[in-house]
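What follows is a single structure, written as structure tokens, with notes after it.
The values are calculated or read from the model by the stated rules, or taken from the named source; none is laboratory data. Not measured: the values here are computed from a predicted model. Backbone-built Cβ (ideal geometry, glycine too); neighbour counts: all protein chains shown. In case anyone asks, the SASA skips ligands and DNA or RNA and just uses the protein heavy atoms, side chains included. Shrake-Rupley method; radii C 1.70, N 1.55, O 1.52, S 1.80 Å.
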Amino acid sequence: KAVVSTQSTGVYDRSLFHVKYIMNLRLGEKKAVIRDSEFFANFEEGETRFKLADVDLRNVSNPTIDLIGKAISLYNGACSKRPAYASSRSRNLPLKYVGIVSNQRCEESYSKRRNKIKEPYEIFAYHATAKNNIRSIIQTNLDPSRKAVHGRAHGDGCYFSEHPEFSASYGQDCMIIFRLLLIEGEYTKVQPDRGGFCQQLVLKDAALFKPTFVLWFIDSPPEPEC
């Protein structure tokens, strides 16, 4: 017997590309929940970009708006644990475009690792880079074995920050928000604050992170390519 729980979860109809139900179906002890990744699969492979000046964030009937709003909120620091650090850094650049990333290969490798963990712990983190690197990162993800442009003060791996203000010092044109799967013993924390937020997180396994959003701070970013 299906029971509508008190906790609401968006269940999306992939063919119609809009919210079909707002409910959480429960069959016995098993919950049928649609993950974010299934909704991201609605987008074309690569980056689907939106100019914020043309986006009506009030349009709650479109789930794509929720994703764009989430990216904006993550960048602007909608978190009570970050203001102390943010106040010590230069102000974030204004956002001009938000790109939503779909990469099936990254999603499959990430999901494979996540599904092996009973209670996965996932966060969003930031990685700034030159605009010319965006295409390759979207297509193939970051490469932990690649020689780092800015050095590797805390060992080999890919570097992320839980503070966009910190990441911004490594790139002024764009920034990527990654989804990270944090497994004990498989990442390094650098200078965590009292709230647990780290200036840097270092991961060596590309299956533990995937590009999710691209933030653009320039008026004329390169055309998105798949």
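Please give the solvent-accessible surface of Asp205 in Å², to the nearest 10, using a probe radius of 1.4 Å with every protein chain present.
Ignoring ligands and nucleic acids, Asp205 comes out at about 50 Å².
Assuming 0.36 nm per residue, please report the length gained on full extension of the stretch Ile183 to Ser145 beyond their Cα-Cα distance.
11.7 nm
A 20 angstrom limit on the alpha carbon distance is what I want to check against. Which of Lys189/Lys210; Lys96/Lys189; Lys131/Lys210; Lys131/Lys189 exceed it?
Lys96/Lys189; Lys131/Lys189
At a Förster radius of 30 Å, what calculated FRET efficiency corresponds to the Cβ-Cβ distance of Asp156 and Ser73, to the nearest 0.05?
0.40
Given the Cα-Cα distance of Gln104 and Glu45 and 0.36 nm per residue of separation, how much length would full extension add, in nm?
Gain on extension, Gln104 to Glu45, equals 20.5 nm.
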